Amino acid sequence: MSVGAMLFATEALFVRWMNERGVPTTTQLLARSTGQLLWVLPAVIAGGIAVFRTRRPLLHLARGLSSVSTWGLYFLSFTLLDLATATVLSFTNVMFSTLAAGPLLGERVGRARWVGTIAGLIGVAIMLRPGAELSILGAAVALAAALCWCGITLTSRALTRTDATPTIIAWVDIVTTLGALPFAIAFWRPIGAGDVLILLAFAGFTPGILWLMTEAFRAGEASAVAPFQYLRLPVVAGFGWLLFGEAPDAAAWAGAAVILAGAVAISIAEARRPR
């Protein structure tokens, strides 16, 4: 998850760069989905149709729909918010995952992890305080992406109990590509050769995030593994300031600090929990 966090940071910078160049969000989403499909193609060729064999097709469909919704909303949030703020609000998926992991997955969520979750939600309230300069629409989009992200987290954890990684990836790649295609066509805008090269690079490295996340969820409980993604914030915030001159105000940073504190509390609680 830590290595995946670095790829997440790179992805966010690419999205912000493509937004500056006028590349539609839906085109970015299709490029990402198609890249995932190309990554899994060797496994499909090697395993044939058997790679799609599963006893849980509806859960795979739910994961794919959660994925295309998450990434579409996540990319859109970078058109409405600065990089650091959009990234911080995406961390609330950790809190949503903790809230849902107990009743849906039967995972034991201890007191410290509940405290971390509540702290994170308080942090969101600070960032959305009355008089804040934060775009309410942007915040709503970012939080919606985090909620959909929770769907990825929970379905991933459930599927890794029964299905192999190539099967999980193959299904999500098909569903996300088919889900993104109509929107990419509807909002298509001509792009230059330079943009095509950027999209190819983007499609090439972003699927690595999905593979790393899937294996991370295989190794640990959903509500415990998820917090490690917050490591991407320093990279995103630093480059957002250096490259785009973006800097949230002091109160927004205060709310961000509370959200991060909640994520850290959840991580420490998991590290100390008896196996």
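The values are calculated or read from the model by the stated rules, or taken from the named source; none is laboratory data. This structure is a prediction, so every number in the text was calculated from the model and none was measured. Neighbour counts run over all protein chains shown; Cβ positions are idealised from the backbone, glycine included. The area values use the complete protein model at the heavy-atom level, side chains included, leaving out ligands, DNA and RNA. Shrake-Rupley method; radii C 1.70, N 1.55, O 1.52, S 1.80 Å.
Taken over segment 233-257, residues that are over 17 Å from the mean Cα position of the chain (by Cα), part of a helix (DSSP H, G or I) and either of a type in the set (Lys, Arg) or surrounded by fewer than 20 Cβ atoms within 10 Å (Cβ to Cβ) (or both) amount to 11.
Among the residues here, PRO207 qualifies as within 19 Å of GLN229 (Cβ to Cβ), touching a residue at least 40 places away in the same chain (Cβ under 8 Å) and crowded, with 16+ Cβ neighbours inside 10 Å.
Of the numbered criteria (1) surrounded by fewer than 20 Cβ atoms within 10 Å (Cβ to Cβ); (2) among the basic types (Lys, Arg); (3) closer than 18 Å to ILE266 by Cβ, the one ARG157 fails is (1).
Residues are listed down the side, and each one gets a yes or a no for (1) in contact with a helix residue (DSSP H, G or I) (Cβ under 7 Å, 6 or more places away or on another chain); (2) at pLDDT below 80; (3) within 18 Å of LEU233 (Cβ to Cβ); (4) open to solvent by less than 50 Å² (accessible area, probe 1.4 Å):
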residue	(1), (2), (3), (4)
LEU59	yes, no, no, yes
ARG63	yes, no, no, yes
LEU83	yes, no, yes, yes
SER90	yes, no, yes, yes
GLY106	no, yes, no, no
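One residue stands out in segment 113-131 among those that are open to solvent by 20 Å² or more (accessible area, probe 1.4 Å) and within 25 Å of GLY72 (Cβ to Cβ): the one that is modelled with the highest pLDDT, namely LEU121. When you check VAL196 against the structure, is it out of contact with any Phe, Trp or Tyr (no Cβ under 9 Å at 6 or more places or on another chain), surrounded by 20 or more Cβ atoms within 10 Å (Cβ to Cβ) and either touching a residue at least 40 places away in the same chain (Cβ under 8 Å) or part of a helix (DSSP H, G or I) (or both), yes or no? Answer is no for this residue.
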